Amino acid sequence: MIMTKHLDVVDGWSGVAGDAVAASHRIPKEMTVRDAALAFCSVFVEGFSGEERAPLPSWLAQLNDPLASEYQ
């Protein structure tokens, strides 16, 4: 929903959607899903957390697509 609202300022929307899926498999155990979503949007959605994007947390760096076996 956040990405849809900010569609005009999200570069590479389909890539960001894929990154969201990849990131969902790397959320630190001590972090809530809500906090993880807010952290993701702060990094990937321009203007979400003010004029500058938030610093990139290590768990959001170098995202890779999860293997299909992770869904089975």
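Bear in mind these aren't lab numbers, they're just calculated from the coordinates by the rules spelled out. Treat the numbers as computed from the prediction; the structure is a model and nothing was measured. All Cβ positions, glycine included, derive from the backbone under ideal geometry; neighbour counts span all protein chains shown.
Miscellaneous remarks
- Checking every one of the trypsin sites (Lys or Arg not before Pro) in segment 13-71 against DSSP loop status and a limit of 13 other Cβ atoms within 10 Å picks out LYS29.
- Peptides 35-47, 59-71 ranked from most to least packed give 35-47, 59-71, packing being the mean of other C-beta atoms within 10 angstrom over each peptide's residues.
- Two-site label geometry, LEU56 and ALA17: point separation in nm, points 7 Å out along Cα→Cβ: 2.3 nm
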